[in-house]
Amino acid sequence: MMSWLAVLLFLRLVVVWAVCPTCDTSNCVVFCMEPVPDPCSCCPFLCGNKEGESCSEIEPCSRDLVCTNTTAGEKCLCRVDKRMVCGNNNFTYNSLCHMKNEQTSQEVSFQHWGPCEFGPLIQSGPIETRSQLGMPVALDCEAKGSPVPSISWTFTGKNGVTKILPGDDQQVAVQVRGGPELLMVTSWLQIVEALPENEGVYTCEASSSRGSVKAEATLLVRPLA
């Protein structure tokens, strides 16, 4: 009596045989970065589909990928470690499979796990704001980098004196959180009630071991009409 595994292999062969097209060796490829066997035994090898591409019994995935049933249909997914990796070309890949399958004429080698390092970038900085006396004010700043940068605020008043915020000013608060995207940090500076002494230039600085970058905006406080 045939075992259940033998039965499954037999059924798989039947399915492949049933869907294989007529063999035309003129369509066979002559070069692949990572060749895989041809399930239909027509060509010496096939170029396996890349991560995220569709797959089937006769359209196999590249090495280290497995054809998986997803909500979007059968897709090639990575079956090894899915952490992000940094290649020696200083490009960040979604996974080790992604790095291997993105290679063309230039061979890319593994450098380290995690994203490649790059200096801070301010994605969205504070903007010039006009506020009426006694009204609340909010300024925001979003930055990205690897490693994720920290954000600090400074204020330069009309007298030219610069101080670090929030300091001991109970009218000023600074909040910081991660996100909203990977490798990003967001910060808000809030003034409870805008006063004449709050008028000046507010600077957001994003810093990491890879450097720092700044963005600034002016706050104007006008008396109530």
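The values are calculated or read from the model by the stated rules, or taken from the named source; none is laboratory data. As the structure is a prediction and not an experimental result, all values here were calculated from the model. Neighbour counts are summed over all protein chains in view; Cβ atoms, including those assigned to glycine, are modelled from backbone coordinates with ideal geometry. SASA here: full protein model, heavy atoms, side chains in, ligands and nucleic acids out. Shrake-Rupley method; radii C 1.70, N 1.55, O 1.52, S 1.80 Å.
Overview of values
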{"quantity": "Residues whose placed amide H lies under 5 Å from that of Cys61, excluding near-sequence neighbours", "calculated": "Asn49, Cys67"}
{"quantity": "Amide proton proximity set for Phe118, modelled H, under 5 Å, gap of 5+", "calculated": "Ser146"}
{"quantity": "Qualifying lysines (Cα of each under 17 Å from Cα of Lys214; at least 8 residues distant if same chain)", "calculated": "Lys144, Lys163"}
{"quantity": "Ranked order, Phe91, Phe45, Phe31 - accessible area, probe 1.4 Å, largest first", "calculated": "Phe31, Phe91, Phe45"}
{"quantity": "Accessible carbon and sulfur surface of the stretch 25-175 relative to its total accessible area, %, 1.4 Å", "calculated": "51 percent"}
{"quantity": "Karplus-derived 3J(HN,Hα), 6.51/-1.76/1.60, for each residue of the stretch 144-159, Hz, glycine and proline x", "calculated": "9, x, 9, x, 4, x, 9, 10, 10, 10, 10, 10, 10, x, 5, 7"}
{"quantity": "Degrees between helix 4-19 axis and first principal axis of the chain (Cα, 0 to 90, nearest 10)", "calculated": "90 degrees"}
{"quantity": "For Met135, residues with placed amide H under 5 Å, excluding near neighbours", "calculated": "Ala194"}
{"quantity": "Contour minus Cα-Cα distance for Glu197 and Leu182 (0.36 nm per residue)", "calculated": "1.7 nm"}
{"quantity": "Cα-based Kirkwood hydrodynamic radius, the stretch 97-225, one decimal, Å", "calculated": "16.5 Å"}
{"quantity": "Cα lying deepest toward the dipole's positive end in the chain, options Cys43, Met99, Val137, charges on Cβ", "calculated": "Val137"}
{"quantity": "Residue order for Trp188, Trp113, Trp153 - accessible surface, 1.4 angstrom probe, largest first", "calculated": "Trp113, Trp188, Trp153"}
{"quantity": "Positive minus negative residues near Phe118 (Lys, Arg vs Asp, Glu; Cβ under 15 Å)", "calculated": "0"}
{"quantity": "Dimensions in Å of the chain - Rg and Dmax from alpha carbons", "calculated": "28.7, 95"}
{"quantity": "For the chain, calculated [θ]222 nm from helices alone, where every DSSP H run of n ≥ 4 adds -39500 (n - 2.57)", "calculated": "-3000 deg cm²/dmol"}
{"quantity": "In Hz, Karplus ³J(HN,Hα) per residue of the stretch 61-72 (6.51, -1.76, 1.60; θ = phi - 60°; x = Gly, Pro)", "calculated": "8, 5, 4, 6, 10, 10, 6, 10, 6, 10, 5, 9"}
{"quantity": "Using distinct alpha-carbon pairs, which all enter the 1/r mean, Kirkwood radius of the stretch 26-128 in Å", "calculated": "15.5 Å"}
{"quantity": "Accessible area in square angstrom per residue, the chain, 1.4 angstrom probe", "calculated": "62 Å²"}
{"quantity": "Sum of side-chain charges, Gln132 neighbourhood, beta-carbon under 11 Å (Lys, Arg +1; Asp, Glu -1)", "calculated": "+1"}
{"quantity": "Under the Karplus curve 6.51 cos²θ - 1.76 cosθ + 1.60, θ = phi - 60°, whole-Hz ³J(HN,Hα) for the stretch 170-181, x wherever Gly or Pro sits", "calculated": "6, 8, 10, 9, 10, 10, 9, 8, x, x, x, 10"}
